[in-house]
Amino acid sequence: MDGEVHRAAASWENGTLAPVDRLRTERADSPTPGLVEGTEPGAGQKSAMFVHAQSFEDLTAETEEARKEAEGYSELGKPADSTDGIEVLMGKDTISEKQNKKEGWQDSKSKEEDVSSEAWRSHRKHVFVLSEAGKPIYTRYGTEEALSSTMGVMMALVSFVEADKNIIRSIHADGYKVVFLSKSPLVLVGVSRTSQSDKELMRELQYIYYQIVSLLTLTQLNHIFQHKQNYDLRRLLAGSEHLTDNLLHRLDRDPGLLLSAVTCLPLASSTRDVVSSSLQAAKAKSLVFSILLAGDYLVTLVRKKDQFLHHIDLHLVFNLVGSSSSFREGEGWTPICLPKFNTAGFFHAHISYLEPASDLCLILVSTDREDFFNLSECKQRFLERLSKRNAYQALKDALKSPSYSVAQVGIPELRHFLYKSKSSGLYTSPELPVVYQSEEEEERLMGLYHDLHSRLHHATRPLRSIYHCGETENLMAWVTSGFELYLCFSPLGTKALAVSAVNKLLKWIRKEEDRLFILSPLTY
Amino acid sequence: MSRKKAVKAKGSSKSPKPSPCSGRSGKGLAAAAAPSGGLVYPSRPSISNSGEFYDIAFKVMLVGDSGVGKTCLLVRFKDGAFLAGSFISTVGIDFRNKVLNIDALKVKLQIWDTAGQERFRSVTHAYYRDAHALLLLYDVTNKRSFDNIRAWLTEIHEYAQQDVVVMLLGNKADSTHDRVVKREEGEKLAKEFGVPFMETSAKSGLNVELAFTAVAKELKHRTTKEPDEPKFQLQEYVDKEMRTAGCCRS
Amino acid sequence: YEVSAAGVCCAGISVPRMATGMQEKQYTPSLLSFFIYNPSFGPREGEEEKKILFYHPCDVEKNEKIRNVGLCEAIVQFTRTFCPTKPAKSLHTQKNRQFFFEPEDNFWIVMVVRNPMIEKPNKDGKPPTIEYQEEEILDTVYGAVLRQCYSMYKLFNGTFGRAMEAGGVELLTQKLEKFFYRYLQTLHLQSCDLLDVFGGISFFPLDKMTYLKIQSFVNRVEESLSLVKYTAFLYNDQLIWSGLEQDDMRILYKYLTTSLFPRHSEPELAGRDSPLRPEVAGNLLHYGRFLTGPANLKDPEAKFRFPKIFVNKEDSYEELHLIVYKAMSAAACFMISASVELTREFCEQLDSLVGPQLTLLASDICEQFNINRRISGPDKEPQFKFIYFNHMNLAEKSTIHMRKTASVSLTSVHPDLMKILGDINCDFARVDEDEEIIVKAMTDYWVVGKKSDQRELYVILNQKNANLIEVNEEVKRLCATQFNNIFFLD
């Protein structure tokens, strides 16, 4: 059983990351035989919801295409309209092209900030996206116009090193580092004053890359730059800057993005089952995924048989929903590329809140661009069924306490923790205690988790566990073949306490697992 | 204005099965009674997704460059509120419904608020052909959005139905200081293409109601008119209404 | 404990890995290039070559040199966009790492180190696949090695600015050429580790009596030979007494222990009757001899030239003769102002004064050392190995390194564990507070790092089945016996 899981994982990896494979087999010999992958608390009972749930390393995988082959691609991910899109966008007789010759078709940006000021320089994390021609596409702070020469230099550095058949990775200085990521036809550059490792920062840039791909598809991106190297991509990305801004904000805050996992709304399993089966029943021919979110919590996810959603894609959906206020009132209908599923084509997402004032948001992902009304009806059917089976009220009640306090676990000196079940790709974490509720402290705590994570997952020197004792808190992290656990104790916590806390916590999670996790995911 | 919801779809399992409106159904119009008291009768033939009864439904699409205020205009019309401050960028298409009383009929406008950005063109194009009316907006403080109107009209011509109702709106008319497009320029362009025109302001509310009502009247008129009935004169109606409103306001 | 193979092999030479039957070759990190430039020397286009003051390897084509210097300039300039005062210190690429250091205004030293790599042969005559191991080199370690290069140059030549004042670019390039040509050959990049980051000094543990004897010896010599400005006293590559500033002593210590002493160690080991000992014959009063200066005082042709060193003095520096005099395992360094000319008479006087006393002291220390060893019990392979460093007095102690000489450093633990120590050290460097980090490696070794009040201690435990609490107890015991409980955390 365990061996099977591992074989499957290896095939996803496509063998490009030898050290990771090595790491994984070593982890299988972990000294906790009772907790091998698939039997840890939170592991799904039937089948996983996500593609390759433990795919932290996925983000750093190099070859997209090879991975696709390994997944045994279905026809689903190749909707034909991606090429339509290009025709529309690039065709000679469209408005954009004509207008652009005269004046362009663009909005000016409102993030004016003096890029030579100390304030600009001292931002915690800059992110730049540019084309291989060195044209600015995105900057987190300041305007692209003001930074066009800086981005030109960035591209020059990339190509200069490339000319030696070499690849530039990063530049390190006292107090900050610059990380480069080439994802043709884009180049992404991050400048960070955090203590994150290069690998972590690369991973974040990958997310930004996927965010852009999800807006345009890779096929379209490639097509555009093949035809016009000098193309100003901002024309196509206009209005999406806040998506990237928001994703960067999430990357600093959301443990899910760090853990390559998502968290669920705590819900009685009976209620969740009704919600899931109601969603399952409200199907349509073109539907691939039905996702119910409550803020940043996953309530349930129903998928077409044999189609898996990747957690990165799900996080992009979270980001899209969380960044757009316009879905609240009406019903949204938007093309979205799920790059981990298929970088070549668009899905079409019907996005609507169950009620304008509610946090419950339903996302119906379809392959058919014309299927809006059909999906709109699916939503109605779902709502009806939910009400008929009296689950809607239970769901709304659960929403009143979407989180739990760490006190419920009953471990002295324990302030906070993250627990990820590897096989299900889901994690659970209590709400932040008062000490970490300020923006600054929250970021600091996340920074500590980031540090632990990057140590545990070091490319060549991975660790089984870390205990870090500092002046403001004591931290512990532990990886086994089945789970990842990160704990934050008050500085009064001792090592003996930490050791007993781990056992106690694992027992507690086991006890609560059917409320905290989705144990029986459904398919249409 | 009736804004009362009779039945909440989610709350009642007995409510009639929602049927998405299917365009210009004129059925049941004869039975229409004036719902002056705001009470809605359960015998109504149709119910929208949001639970409001209606007699007749039309699809209206808001188009124009991004940032001209399409969403703001819609929110002002629907909720009477102005979205100040934050820049809201519509993703793809946003569908909302609003039921109006037009000459004793409940007319449901299914309003498609579209994203102005280029990358969504392919999606919005797909929905042009189902639209009965198009409100084409530009921003009087943004010359480029005005210049793009010709291109928009070409696009409308290409993708929309032949008899689609088009109305040109010069939005943000309240911003007197930043104005760069004169009212006369808008009028001239509208005349050239033979479409009705007015200036609006989502912020002050100027002509917002009127724009939607006028379109609804025109659509209703087209659908319900007897063969010998005279054609509804949209621009005339608009001009008249604006004059009355104008003198009341100032 | 296994002795690491990577520690022994030399730069660039491949060691076949035995694990796979295929002829897979592993290459350790090696020096690709090393250059020094000053951008202000050739600001105009076409004059770029003038910027380059030193370039190793020298046979690189001119345009290639200019190109590589250009990249460094661009990187440094680029990072000033984000912090004008703290430009780039290193550049990571797939194939190599470049380290930048600006020791004096506008003078840049750059060291390019090739990442370790594995060459995997392919079938059918295809060229082998090369896999670069990009995360194997620690910036802190090689950054320290680069700074040490400059410190060593400065110890023997003074600043770059000094050479410029004395003889312009021409003199400077001469000096750089002369110094680095030889010095770079002594860099052994594959065996650099945490100890290079500390650049510490190993102190000889001594009882109070013997220590006082040494101190009074130093006082007596300085009184009798008033020319002596500073004195340092070492035994067995370990420091006992120094009159120099800490930073000067640190680099001098590095020179003595990794360069000068090893070069003279062979005759020492050969014993007193060996023909290899040129000078002892005829002088039975003592075993003293000069390691710098005249090899044989009796030789009428003997030259009385000593190496000159530069040490810091307030804002400036002073130039000194370095006399290193050794008797058995004890070595005394005497530093005398370079403005004084040293004569045969002075050297004879020093020899006759210091020789007998130093010989006596050496055997005293040796005896004392043996007594102490006997008290502490027989050598038993302990369950742990450790490295200790104190930032305040630069004291370092390692039971991980078996021998550290110019050519090889043998560590008794796997290189991956050494790198984990380096990682922990980086964590410590980030926050200025007391911390403790305990990790369990994939090989089940436990590694403990403690930082407390300017002191750092790293312990590697080979107790695979121990848990966190037991590991903690073990380290507590170690601290109690070895370090008088100077670490307070939990």
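We did not get these values from a lab; they are worked out from the coordinates using the rules stated. A quick note: this is a predicted structure, and the numbers were derived from the prediction, not measured. Cβ sites come from the backbone with ideal geometry, for glycine too, and all protein chains shown count toward neighbours.
Once the gyration tensor of the Cα atoms in segment C:25-192 is diagonalised, the equivalent ellipsoid follows with semi-axes of 30, 18, 17 Å, ordered largest first. 3J(HN,Hα) couplings calculated from phi for segment B:72-79 with the Karplus curve 6.51 cos²θ - 1.76 cosθ + 1.60 (θ = phi - 60°) are, in sequence order, 5, 4, 5, 5, 4, 5, 7, 10 Hz; Gly and Pro show x. Gyration tensor over the Cα atoms of chain C: the corresponding equivalent ellipsoid has semi-axes (square roots of 5 times the eigenvalues, largest first) of 38, 33, 23 Å.
Entry for segment C:384-483 at q = 0.21 Å⁻¹: log10 I(q)/I(0) = -1.19, Debye formula applied to identical alpha-carbon scatterers, no solvent contribution. Based on the Kirkwood radius over alpha-carbon pairs, what is the Stokes-Einstein translational diffusion coefficient of segment B:56-247 at 4 °C with 1.567 mPa s viscosity, in µm²/s? For these conditions, the coefficient is 78 µm²/s. Of all aspartates and glutamates in the structure, those lying under 20 Å Cα to Cα from residue A:507, and not within fewer than 8 positions of it along the same chain, are A:37, A:40, A:413, A:431, A:484.
Rg then Dmax, both in Å and based on the Cα atoms of segment A:267-402: 13.9, 41. Close amide H partners of residue B:111, meaning residues 5 or more places away or on another chain with modelled amide H under 5 Å apart, are B:60, B:96, B:97, B:98. The mean number of Cβ atoms from other chains found within 10 Å of a Cβ in peptide B:123-129 is 4, as a whole number. Each label was represented as a point 7 Å from its Cα along the Cα-to-Cβ direction; for residue C:129 and residue C:464 these points are 3.0 nm apart.
Here, segment A:284-325 has an Rg and a Dmax of 10.9, 33 Å when only alpha carbons are counted. Farthest towards the positive end of the charge dipole of chain C, among the residues C:164, C:121, C:179, is the Cα of C:121, using unit charges on the Cβ of Lys, Arg, Asp and Glu. Exceedance of the 23 Å cut-off in Cα-Cα distance is limited, within the set A:495/C:440; C:62/C:120; C:451/C:476; A:199/C:65; C:154/C:213; A:135/C:50, to C:62/C:120; A:199/C:65; C:154/C:213; A:135/C:50.
Counting only C-alpha contacts under 8 Å and six or more residues apart, can you give the relative contact order of chain C as a whole percent? Please report the intermediate quantities before stating the final value.
Working: 769 pairs, mean separation 65.0, N = 490.
Reported relative contact order: 13 percent.
Amide H to amide H, with H built 1.01 Å from N, residue C:95 comes under 5 Å of A:167, counting only residues 5 or more places away or on other chains.
What's the FRET efficiency of residue C:339 with residue A:440 using the Cβ-Cβ distance as r and R₀ = 51 Å, to the nearest 0.05?
Working: r = 59 Å, r/R0 = 1.15.
Once rounded, the FRET efficiency stands at 0.30.
Scanning chain C for long hydrophobic helices, with DSSP H runs required to stretch 30 angstrom or more by C-alpha along their axis and to average at least -1.0 on the Kyte-Doolittle scale, returns C:344-375.
Starting with the fewest neighbours, write out C:392, A:446, A:476 ranked by other beta-carbon atoms found within 10 Å of each beta-carbon. Mind dumping the intermediate values first?
Working: C:392 9, A:446 21, A:476 25.
Exposure proxy ranking, most exposed first: C:392, A:446, A:476.
Pairs exceeding a 20 Å alpha-carbon distance, out of B:59/B:191; C:178/C:298; A:420/C:464; A:304/A:379: B:59/B:191; C:178/C:298; A:420/C:464.
Of interest is the spacing of the C-alpha centroids, which for segment A:269-291 and segment C:158-224 amounts to 74 Å. Within segment A:457-501, whose backbone N sits under 18 Å from a point 7 Å along Cα→Cβ of residue C:473? Output list for this probe position: A:494-501. Centre-to-centre, using Cα atoms only, segment A:453-503 and segment B:152-182 are separated by 61 Å.
Across peptide B:68-78, the mean count of Cβ atoms from other chains lying within 10 Å of each residue's own Cβ comes to 1. Evaluating 6.51 cos²θ - 1.76 cosθ + 1.60 at θ = phi - 60° for every residue in segment A:494-505, the Karplus couplings come out as 9, 5, 4, 5, 4, 4, 6, 4, 4, 5, 5, 5 Hz, glycine and proline recorded as x. Over every Cα atom in segment A:406-516, the radius of gyration and the widest Cα-Cα span, Dmax, amount to 13.5, 38 Å.
For the peptide C:442-449, the mean number of other protein chain Cβ atoms found within 10 angstrom of a residue's Cβ is 3. Near residue A:289: Cβ cut-off under 10 Å, other residues only, Lys/Arg at +1 and Asp/Glu at -1. The net charge is +1.
Take the alpha-carbon positions of segment A:112-178, form their convex hull, and give its projected area averaged over all directions (one quarter of the hull surface) in nm².
Working: hull surface 19.1 nm².
Seen from a random direction, the Cα hull of segment A:112-178 projects 4.8 nm² on average.
Taking the fewest neighbouring Cβ atoms within 10 Å as the starting point, the ordered list for C:455, A:444, C:374 is C:374, A:444, C:455.
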